[in-house]
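**Student:** Here you go, one structure.
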Amino acid sequence: MKLTPEQARAVRAPSGVAVVAGAGTGKTRTLVHRYLELVERGHTPLQLVAVTFTEAAAAELRARIRKALAGVRAELVPELEAAPIGTLHALAARVCREHPRAAGVPADFRVQSDVEAALWLSEHLPRALAELPLEVFEVLPASFLRGALELLLADPLAAREAFERGPEAMRSALDGVVEDFLEEARQHLAYLRGSEASGKLEELRGLLLAAWEDGRDTFLALASAIRLPGGKTRHQEVKERIKALRMLANDAAPLRLTPEHERAWAALREAYRRVYGRLEDERRAERVLDFAGLEVHALKALGDPAVRAYYRARWRHALVDEHQDTNPVQGRLLAALFEPEELTLVGDPKQSIYGFRRADPRVFARALEEAPERVALTRSFRAHRGLVAAVNRVFEGFLEGHAPLVSHRDPLRGFLQGPGEDPGVGPAEAVDGLLGVADQGELFGLEQGGEE
């Protein structure tokens, strides 16, 4: 099957390229052809890094590259077996194993699975908590402390940087959120200024307007304490506006940083410092790393200019699949290893579902802005027009930068055309499309074929 014009543009991009690839648009096919294109430009498999999200996907990508490479440069296939094709965690592990001293890890470390790491933490965290000074527990309850530390330990780099910025950074961030609340409050207050009421509602209206003039803290304190009269009133809109202001004030109240919050911040910072250090000592003694530790220590190694120069000379280009599921630390790892001109990134914000594993689609959004060239694959080979239209309607309303998909066909085309007339559709796909229409309506008529 020939490349679509969009796929060809991505494959032949002269420099780095970021590709937005919706479901079923042929992203893997594009990645494989991009890999061959880079080989044709003089790069060898040992100079090309290819990473994706899971080991199974990485194995499939390697197999497809091997098959394609055998057809054009068979002499390079043996080299492909040693090529860096795997997950981002495998890439981080390679950096740590090749530069253990710079990474600060034992040379013979072992990587824990997610399950093993969770069991290990459940065994060692209570011991580390038991060693904390009593002063910490006088400020923070033990139940809260354990849950908070588990969240912080899942992303140690972000935790460390947050504590380094201190409570002032938190105050600034919270103030920004409060200002968003107040901007909405201004709209309700503008209505109240131009309206009148009677009785209790008129009294509350006047108090809120006066409190606003006295300042933010006065206004928030008053608005959150308001008690509205019950029953219907002929000034119902005024009542609803005051009710909305009370809700906004209640939402904003917990965002005010008090001296008690600052003491809690200091106690949590001290607890984290001690617990993290204790767990690091335990892991070093047992020669184990979890996935978060792999990322942190690999980034530490790449902070050494000599290590960074070693990889910059060794690897010339990286192809990254499922980039929407990378987390900020992984984004920094890629930035330490490659310039934007040396990256082929493929992702789709609509398919970002791994937030619970710290994945952040904003990493891909920033990469799109930095990429020398951007391409959107919009032709779907997997779904017919009804489903594609539904997807477009759903995402065009709330996903900024959504590239509308275009269906390669409709559900009936496989029956209406003869064999070979449409390389993207076979009998099984046509039958599946018809069953989807018959059973669930055109909206959910999914096909299993097409190019991926």
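The values are calculated or read from the model by the stated rules, or taken from the named source; none is laboratory data. Keep in mind that what you see is a predicted model, and the values were worked out from it rather than measured. Here Cβ is always computed from backbone atoms with ideal geometry, including for glycine, and neighbour counts include all displayed protein chains. The protein model used for the area step is the full one, side chains on, heavy atoms only, and it has no ligands, DNA or RNA in it. Shrake-Rupley method; radii C 1.70, N 1.55, O 1.52, S 1.80 Å.
**Student:** Report the one residue of HIS124, VAL105, LEU140 whose Cα lies farthest in the direction of the positive end of the charge dipole of region 100-147 (charges on C-beta: Lys and Arg +1, Asp and Glu -1; origin at the Cα centre).
**Tutor:** The Cα lying farthest towards the positive end belongs to VAL105.
**Student:** Please enumerate, by chain and number, the lysines with C-alpha under 24 Å from the C-alpha of LYS200, excluding those fewer than 8 residues away in the same chain.
**Tutor:** LYS232, LYS239, LYS243
**Student:** Would you list the P(r) distribution for region 150-230, with all Cα-Cα distances sorted into 5 Å bins from 0 and each bin expressed as a whole %?
**Tutor:** For region 150-230, the pair-distance distribution reads 3, 12, 18, 17, 12, 8, 9, 8, 6, 5, 2, 0.
**Student:** In whole Hz, with x marking every Gly and Pro, tabulate ³J(HN,Hα) for region 222-229 from phi via Karplus 6.51 cos²θ - 1.76 cosθ + 1.60, θ = phi - 60°.
**Tutor:** 5, 4, 6, 9, 5, 10, 8, x
**Student:** Kirkwood hydrodynamic radius, region 117-198, all distinct C-alpha pairs: what's the number in Å?
**Tutor:** Computed over region 117-198, the radius equals 16.7 Å.
**Student:** Whose amide H sits under 5 Å from the amide H of HIS317, counting only residues 5 or more places off or on another chain, with H placed in the peptide plane?
**Tutor:** When sequence neighbours closer than 5 places are left aside, the close amide H contacts are VAL49.
**Student:** Let me ask something additional. Separation of region 3-79 and region 133-191 by C-alpha centroid, Å?
**Tutor:** The distance from the Cα centre of region 3-79 to that of region 133-191 comes to 43 Å.
**Student:** What figure in square angstrom, to the nearest 10, would you give for the accessible area of LYS243 with a 1.4 Å probe?
**Tutor:** Rounded to the nearest 10, that gives 90 Å².
**Student:** Keeping the other protein chains in place, figure out the carbon and sulfur percent of the accessible area of region 1-94, with a 1.4 Å probe.
**Tutor:** Working: 2210 of 3860 Å².
Reported share for carbon and sulfur atoms: 57 percent.
**Student:** Once fully extended, how much extra length lies between GLU213 and LYS67, figured as 0.36 nm per residue of separation less the alpha-carbon to alpha-carbon distance?
**Tutor:** 45.4 nm
**Student:** Treating each Cα of region 134-277 as an identical point scatterer and ignoring solvent, apply the Debye formula and state log10 I(q)/I(0) at q = 0.20 Å⁻¹.
**Tutor:** -1.10
**Student:** Taking the full set of protein chains and a 1.4 angstrom probe, give the accessible area of TRP212 in square angstrom, rounded to the nearest 10.
**Tutor:** 50
**Student:** Tell me the GluC sites (Glu not before Pro) within region 2-106 that lie in a loop according to DSSP and have at most 12 other beta-carbon atoms within 10 Å.
**Tutor:** Listed in order of number, the matching sites are GLU81.
**Student:** Using every Cα-Cα pair within region 37-187, state what percent have a distance larger than 27 Å.
**Tutor:** Looking at region 37-187, the distances longer than 27 Å represent 54 percent of pairs.
**Student:** I'd like the trypsin sites (Lys or Arg not before Pro) in region 256-288 restricted to DSSP loop residues with at most 15 other Cβ atoms within 10 Å, sorted by number.
**Tutor:** ARG256, ARG287
**Student:** Say R0 is 25 Å: what FRET efficiency, to the nearest 0.05, do ARG12 and THR44 get from their beta-carbon distance?
**Tutor:** Between ARG12 and THR44 the formula returns 0.80.
**Student:** Right, something else. What are the lysines whose alpha-carbon lies under 16 Å from the alpha-carbon of LYS27, with same-chain residues fewer than 8 places away excluded?
**Tutor:** The qualifying lysines are LYS2, LYS350.
**Student:** Classify region 214-308 as rounded, prolate or oblate from the Cα gyration tensor: take a ≥ b ≥ c as the square roots of its eigenvalues, call it rounded if a/c is under 1.5, otherwise prolate when a/b beats b/c and oblate if not.
**Tutor:** In terms of gyration-tensor shape, prolate.
**Student:** Also: Could you work out the relative contact order of region 75-225? I mean the mean sequence separation of Cα pairs under 8 Å and 6+ apart, divided by the number of residues, in percent. Intermediate values should be presented prior to the final figure.
**Tutor:** Numbers: 28 pairs, mean separation 9.9, N = 151.
Computed over region 75-225, the figure is 7 percent.
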